[in-house]
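The values are calculated or read from the model by the stated rules, or taken from the named source; none is laboratory data. Keep in mind the model is a prediction, meaning the values are calculated, not measured. Neighbour counts run over all protein chains shown; Cβ positions are idealised from the backbone, glycine included. We work out accessible area using only protein heavy atoms, side chains counted, and drop any ligands, DNA or RNA first. Shrake-Rupley method; radii C 1.70, N 1.55, O 1.52, S 1.80 Å.
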Amino acid sequence: MITFEFCGTSHGDGYRGKICGLPDGVKINVAAVDEQLRLRKCGYGRSARQVNADHVEFVGAAGNDFVVSGGNVEFFVPNAAINKEVRPDITAVRPGHADLVGQARYKGLSARDVAEIASARSSVCYVVLGAICKQILDTYSIFTYSFVRKIGNVTARKTFVYGVDNMRDSFAELNCADEKANEKMKAAIDVARQNGNSLGGIVTVGATGVPMGLGEVFPYAKRLDSVIAANLVGIPSVKGISFGMGDKYAVLSGVDSADKLTVNDGKVVYATNNCGGIVGGITTGNDIICNLVVKAVPTVKGVQTIDTSTLCPCLQQYERADTCVVPQVGVIAQNILAYVLLDTILQQNFTE
């Protein structure tokens, strides 16, 4: 079993982590981990503070490579100078952040303290974890990916094809396979930014190359879709998840929504993938497909709140923030999905 522990704050020195339970002796490419950290930061809709690239420092790394020793990895992701600053406390608490509820849960902490530990910047740790797992999954010919389906009121109509659409130049801007939708999404982000507002959307996270038979039926919490959901819904800004056809299941009959089976090379296989690659908690052999609902970044202008020092109505505290993070949530999610899949493979000692 892969276990991990992380610590750090968004405006302190950085984030430290330790990962245990990885295959011993595996060589990891540091530049490939840094590339996932770059993808987490870049893209249309991000704020100017994201221009500083993140870099991971591994204990025992030699140049661009390090070898996992004893199944354990220790790392540090330093905060850029722009992040190393002392900020005043927050009294005009932000309803969409953990400012108020965090103080109720962690007695003695200020709203600023809560904001520091609850910051979405902590996702750098999960990206480092997942980027390592992605490289190990490569040896199984399993690859995770993500793409944007919707931002604000703009929906992509073109179907994403792994290995084709993600190679297009326009894809790098918003991780959207539909070039026309991509331009409309950028325009919508521009309007929101000018108004001090933000946009949410829907991002799809997938894994290809996953063989049939990975996962568990009992207990329910160990079903692969349960484990995936539990990990992905924990990403800041994610407020919902569905698999495969998602909410279309609610309006289709059992006959219309049923997946079809066929025979290929003497084996019974799934010819369609309405279920999103998982049935009864076990993989079907088709791509795992998860759809994540991402709420708009809650640090915006014009939101009413209560000042905790005066108990009077006021506008929530506004700080620099991104306008849209839907593509970046997809990057974080595909790395977390890689961790879940590798952990399941190792626990199950799975070989096809």
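General observations
- Residues that are crowded, with 20+ Cβ neighbours inside 10 Å and of a type outside the set (D, E, K, R) within segment 203-227 comprise VAL203, THR204, VAL205, GLY206, ALA207, VAL210, LEU214, GLY215, LEU224, listed in sequence order.
- Out of ASP113, ASP89, sole residue that is outside any loop (DSSP other than H, G, I, E, B), open to solvent by 20 Å² or more (accessible area, probe 1.4 Å) and without any contact (Cβ under 8 Å) to a residue 24 or more places away in the chain: ASP113
- Qualifying residue in segment 256-267 (condition: assigned to a loop (DSSP other than H, G, I, E, B), in contact with a His (Cβ under 9 Å, 6 or more places away or on another chain) and not acidic (Asp, Glu)): no
- Test for ALA120: is it closer than 30 Å to PHE66 by Cα, at pLDDT 95 or above and surrounded by 18 or more Cβ atoms within 10 Å (Cβ to Cβ): no
- Within segment 144-169, the set of residues being surrounded by 13 or more Cβ atoms within 10 Å (Cβ to Cβ) and of a type in the set (Ser, Thr, Tyr) comprises THR144, TYR145, SER146, THR155, TYR162.
- Number of the exception - CYS324 against (1) of a type outside the set (S, T, N, Q); (2) farther than 30 Å from ARG223 by Cα; (3) touching an Asp or Glu at 6+ places or on another chain (Cβ under 9 Å); (4) surrounded by 20 or more Cβ atoms within 10 Å (Cβ to Cβ): (3)
- Pairing residues of segment 131-145 that are within 8 Å of LEU342 (Cβ to Cβ) with residues that are among the hydrophobic types (A, V, I, L, M, F, W, C) and open to solvent by less than 10 Å² (accessible area, probe 1.4 Å), at Cβ distances under 6 Å and at least 6 apart in sequence or on separate chains, gives CYS133/ALA338; CYS133/LEU342; ILE136/LEU342; LEU137/ALA338; LEU137/LEU342.
- Answer from ASP247, ASP190 - the residue that is modelled with pLDDT under 95 and open to solvent by 20 Å² or more (accessible area, probe 1.4 Å): ASP247
- THR3 β-branched (Val, Ile, Thr) and modelled with pLDDT of 95 or more: yes
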